[in-house]
Each structure stands twice: as structure tokens, then as C-alpha cells.
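K.L.:
Structure in C-alpha cells, see below.
Quick note: the coordinates plus some simple rules give every number you see, no bench work behind them. This structure is a prediction, so every number in the text was calculated from the model and none was measured. With ideal geometry, Cβ positions are generated from the backbone for all residues, glycine too; neighbour counts draw on all protein chains shown.
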Amino acid sequence: MHKIIVTLLLGILFSQGLAAKNTVSIEKVVKSSFSGVTAVKPKQLILSKAQHSAIQKRAKTAVRTKIYRYYAFKSGSKPVGYGVLISRKVRTKNANILYAFDMSGKLKFSEIMGFGEPPEFIPNKQWMAQFKEKPRSAALTMGKDIPTISGSTLSARCVSDSARIARAIYEIVLKK
């Protein structure tokens with residue numbers, strides 16, 4: 001009896017983690033949203049103390065790490081944009097969200113690449129669509145220009161805070 005209960009509990013834990021995973025590749029997501037992208041190059045970024053401080057100030061939220069993965073999007077040899085992958089804890093598990101910017105700094109799209117919390121807390125496509133084609137001037141603040149989600153406030157806050165962090169990384173570090 002004890003083995004059955006332990007097996008059931010382990011099954012529930014593993015199934016919750018697996019059910020909320022997204023298996024779409026970054027390259028596929030980028031190529032479906034950016035026309036003419038021929039290359040998506042993954043890169044690593046380690047923020048300096050000054051960059052970390054400036055990003056936190058501009059994003060108006062806590063920036064808990066100095067290490068980020070980003071992607072350079074190219075059409076032939078011409079750069080057409082960047083993607084910043086942000087990983088933040090929602091409740092107890094991480095959400096991994098890709099934010100893509102064109103060369104003018106416009107937020108082209110956001111895509112949830114992985115979500116460790118139960119599936120019912122994942123923001124739906126309609127809500128996530130608010131992050132498409134957002135100009136540099138958009139505040140990206142939940143409760144102001146981004147509405148909350150009833151029952152998923154922590155998820156919504158994670159997505160909007162992460163969007164501001166990604167934009168600050170783009171503006172302070174990646175934009176040349």
C-alpha cells in the first residue's frame with residue numbers, strides 16, 4: 001500500500017511538471033514572427049554591475065540574475081532583431097519567456113517557452129497577444145497598459161515584469 005501511494009504521488013508531481021512544458025523551438029517561433037530570418041544565433045550575456053543596476057532601474061522591478069541567454073536574428077548577414085530569454089519564478093517554479101525586438105526596439109512578440117507551474121496558470125494566447133508590436137514607449141506595466149488576469153495574477157506579473165527586463169537588456173546592452 002505504501003509503494004502505491006508513493007508511486008501515485010510521484011506520478012502526480014512529474015505529470016504536473018510535464019504538462020506545462022512547451023516544446024516549440026526558438027528558431028521556429030522566431031521564423032514565424034520575423035519575415036526573412038535566415039539565422040537565429042544563441043548567445044550568452046553576463047551583465048556587469050553597472051549594467052545590472054541600470055537594467056533594474058529602467059525595468060522598475062527586481063533583476064535577480066546577471067546571466068542571460070539571448071538570440072541574434074539575421075537575414076543573410078544583416079541583423080534584423082534580438083530575442084531575450086527571461087527565466088523567472090512565478091510561484092515555486094520558473095517560467096521561461098522569449099521576448100523579441102526588432103532593430104528599432106519595438107517588442108515584436110513574446111512567447112512562453114517553458115512554464116513549470118500547473119497549466120491553468122499559463123496566460124492564454126489572447127492575453128499574451130498584448131505584447132505584440134508594442135512600441136518602445138509602451139510602459140508594459142500590469143494594471144496600467146497591461147490588464148491583470150483573474151486567478152493568474154502572479155503569472156501576469158511575471159510576464160509583464162520580464163518584458164520590462166528584456167526591453168531594458170535590449171536598450172542598455174544589445175542595441176548598438
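K.L.:
Considering only residues of the stretch 143-176 that are among the acidic types (Asp, Glu) and in a helix (DSSP H, G or I), which is surrounded by the most Cβ atoms within 10 Å (Cβ to Cβ)?
P.N.:
By that ranking, first place goes to ASP161.
K.L.:
Pull out all pairs, ordered by first then second residue, where Cβ-Cβ is under 7 Å, the residues are six or more apart or on different chains, the first lies in the stretch 156-176 and is over 24 Å from VAL80 (Cβ atoms) and free of Cβ contacts under 8 Å to residues at least 12 places away in the same chain, and the second is among the polar types (S, T, N, Q) and assigned to a helix (DSSP H, G or I).
P.N.:
none
K.L.:
May I ask you to list the residues in the stretch 31-67 that are β-branched (Val, Ile, Thr) and either assigned to a loop (DSSP other than H, G, I, E, B) or surrounded by 12 or more Cβ atoms within 10 Å (Cβ to Cβ) (or both)?
P.N.:
Once the filter is applied, which keeps residues that are β-branched (Val, Ile, Thr) and either assigned to a loop (DSSP other than H, G, I, E, B) or surrounded by 12 or more Cβ atoms within 10 Å (Cβ to Cβ) (or both), the stretch 31-67 yields VAL37, THR38, VAL40, ILE55, THR61, VAL63, THR65.
K.L.:
Quick one: which strands (runs of 3 or more DSSP E) sit completely within the stretch 68-142 and have at least 1 residues that are free of Cβ contacts under 8 Å to residues at least 40 places away in the same chain?
P.N.:
78-89, 94-102
K.L.:
Still on this structure, I have one more. Take the residues of the stretch 94-106 that are farther than 13 Å from VAL159 by Cα and in contact with a strand residue (DSSP E or B) (Cβ under 8 Å, 6 or more places away or on another chain): which is surrounded by the fewest Cβ atoms within 10 Å (Cβ to Cβ)?
P.N.:
This residue is MET103.
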